[in-house]
Amino acid sequence: MPVPTTPPSVADEVTLARYPFLPQASDWIRSMAVRHSIDLNELLEGSWMEQARQRARIRLIDSIQSKEGVQVAGGDIHTEEGRLVEAFSFYYARLVMCASEDERLIARWAQAEAARAEQLLTQDLDNLRTVANTYLSQVEITHTTPTAPLSGSVGAVGMSRETATEEWRVGLADFIEICPKITGHRWRLPNVDVDRGWVKLHNERQYASSAKVARLLRERIKAGIEAEALEKMGEVTTDLAVRLAEPVGMVRNLMANKASEAIALVGAEESDWPPCMQKVIADLSAGVNVNHFGRLFLASMSATLALPETSCVNFFRGAPDFSEATTSYQVQHVYQHEYTPAGCGKLKVNHNCPVLPGDNRTCDQPWMDHPLKYIRATQRWKRLTARSAAPEAEADPKSDA
Ligand code: SF4
């Protein structure tokens, strides 16, 4: 990937603590270790580093459980102690990931750290330029006259300190390498404004130019964190692996729980599907033009339930605008990016919930706020019914069972 070989220097310790994955942070973390006499023993077991280990656990738990990535809020990095916690929690979390020797876990953690960085950079325009120049070989801010007024820009991401005429542009080589990893039509090459080897990242009403740079950076940051962890994986000694067995086990268990939840859902039969899903399928097969929200919901439910992609495409065959190629592409996209199916609230607002109060006992439950809960509740109810029926069947000699 075309990443600058000499990144800009960063002297500000607050910035280094906020972005401890930066290549410029390595020397600073080493100097902090010397200054505060932090060696491996202290990091793994010392009382001085207890807080850093706790924050590292949160970083690791978030990487498995949160879709938004590692939570932004950490310690107060405007104090020396806060900076120590942030820097060494990242360092400790990376050690744990390396000791896991699990490339899947490492990729997931790198993704979560990069998602956190994107959130921070979207607000941190002072450091955006430095981080951009660290990870992109060609990037700059231009001053342009907006072609359309930025009406309604209130609340637009990252617009607070950026003038309407400031826009970022990135080199075509950087963009081409990164954009396939990002979903959405605005990231497809035919849809961007290319001018003499530069891709202009225009301000949009809900998507500022700076937020687009942060999005591109997320991919490079993830690749950087992942590559470094994989490289350091080879340096983990048996002794270190044994000493980190407990946190590694914690992360593995979290992953296993996630997987078993998914496996339970995969076992869902058609009769377990919620009315909203069944209605979209029935409408499509009857040639009714289901709205975009309903279509995305069906595809994401099918992906979550691990239905074969071809079965999902087949759901859409009756749609009035069905095109095998377009539907296959869109379904594949949803499967690859593991979209979470929408909850009941959004389905109701978008006219995709067919039930009214009193129509369906499960949907009437006060806790019902997501179609996946409907499936879990139905499965649980079936299990309980089967269990209570079993002793009766055993007791009845005429039973076929
Ligand atoms: S209440 Fe929720 S689960 Fe039930 S049909 Fe409506 S959207 Fe689906």
Legend entry - In the chain, lysine pairs with alpha-carbon atoms under 17 angstrom apart (chain gap of 8 or more, or interchain): 14
Inset, instruction - At most 15 other Cβ atoms within 10 Å plus a DSSP loop assignment makes a site exposed; report the longest stretch of the chain without any exposed chymotrypsin sites (Phe, Trp or Tyr not before Pro). - result: 49-321
Inset, instruction - Between the alpha-carbon centers of the range 330-372 and the range 193-254, tell me the distance in whole angstrom. - result: 31
Legend entry - Apportionment of accessible area to carbon and sulfur, the chain, percent (1.4 Å): 53
Legend entry - Mean accessible surface per residue for the chain, computed with a 1.4 Å probe while every protein chain stays in place, in Å²: 52
Legend entry - Cα lying deepest toward the dipole's positive end in the chain, options ALA117, ALA56, SER285, charges on Cβ: SER285
Inset, instruction - Mind telling me which of GLU140, GLU45, GLU113 comes out most flexible in a GNM of the chain, alpha-carbon contacts under 10 Å? - result: GLU45
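Accessible area, 1.4 Å probe, largest first: how do GLU103, GLU167 sort?
Numbers: GLU103 115, GLU167 20 Å².
Ranking GLU103, GLU167 by accessible area, largest first, yields GLU103, GLU167.
Going highest first, how would you order 33-40, 209-216 by mean Cβ packing within 10 Å? Let's see the in-between values first.
Numbers: 33-40: 13.1, 209-216: 25.0.
With the highest mean Cβ count within 10 Å placed first, the list reads 209-216, 33-40.
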Inset, instruction - Just read off the accessible area of GLU269 with the full protein assembly in place, 1.4 Å probe, to the nearest 10 Å². - result: 110
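Is it possible to state the helix-based mean residue ellipticity at 222 nm for the chain, with each DSSP H run of 4+ residues giving -39500 (n - 2.57), the sum divided by total residues, to the nearest 500 deg cm²/dmol? What is it?
Values: 17 runs with 228 residues, N = 401.
So the calculated ellipticity at 222 nm is -18000 deg cm²/dmol.
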Legend entry - For the range 176-193, Karplus couplings with θ = phi - 60° (6.51, -1.76, 1.60), whole Hz, Gly/Pro x: 4, 6, 8, 4, x, 7, 10, 8, x, 4, 5, 9, 7, 3, x, 9, 9, 8
Legend entry - ARG30, ARG220, ranked by accessible area, largest first (probe 1.4 Å): ARG30, ARG220
Inset, instruction - Give the residue from PRO366, HIS337, THR310 lying farthest towards the positive end of the charge dipole for the range 226-380; charges sit on Cβ (+1 for Lys and Arg, -1 for Asp and Glu) and the dipole is referred to the Cα centre. - result: PRO366
Legend entry - Lys, Arg +1 and Asp, Glu -1 on Cβ, resulting dipole of the chain about Cα centre, debye, nearest 20: 780
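The values are calculated or read from the model by the stated rules, or taken from the named source; none is laboratory data. Nothing here was measured: the structure is a model prediction, and the numbers come from that model. Neighbour counts are summed over all protein chains in view; Cβ atoms, including those assigned to glycine, are modelled from backbone coordinates with ideal geometry. What goes into the accessible areas is simple: the full protein's heavy atoms, side chains included, and nothing from ligands, DNA or RNA. Shrake-Rupley method; radii C 1.70, N 1.55, O 1.52, S 1.80 Å.
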